[in-house]
Amino acid sequence: MYRKCFETKYPITGSLSGEVHGSGTRADPVIDADLVLAEIQVKGLHFDRLSGQLHWAGDSVQLTGAELRQGAGRITGDLTLPSPRGNRGIQFSRSGDRTGRH
């Protein structure tokens, strides 16, 4: 299903916290989570925090209410990862001063 995504090595570090709830069956699991990833380092970039609500059911993975922060900057939105059927989507907005000045 998302095999390519998980087999790829993403050089990322940070502190992950949150709450995860699982339901469904072994053949058709459902995972819902409120997640926070803090002090993120990825490919030489630093972000203060990424948070959002994850919903994974079948071949559908959605991140809603996502918020990525770096200094005074903020990107918010929703993301649906591509499924084997080709469904995907992204919607986001940006706020904050690009220069980092308040």
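A few points about this structure:
- Close amide H contacts of Val61 (hydrogens built in the peptide plane, cut-off under 5 Å, sequence separation of 5 or more or a different chain): Leu81.
- FRET efficiency, 1/(1 + (r/R0)^6) with R0 25 Å, evaluated for Ala72 and His21 via beta carbons: 0.15
- Potential extension, Ile12-His46 segment - 0.36 nm per residue separation minus Cα distance: 11.2 nm
- Ordering of 28-35, 49-56, 16-23 by burial proxy (mean other Cβ atoms within 10 Å per residue, highest first): 49-56, 28-35, 16-23
- Surrounding net charge for Gly65, when Lys and Arg each add one and Asp and Glu each subtract one, Cβ distance under 11 Å: -3
Rule-based calculations on the coordinates, nothing more; no lab input. It should be emphasised that the depicted structure is a prediction, and the values quoted were computed from it without experimental measurement. Here Cβ is always computed from backbone atoms with ideal geometry, including for glycine, and neighbour counts include all displayed protein chains.
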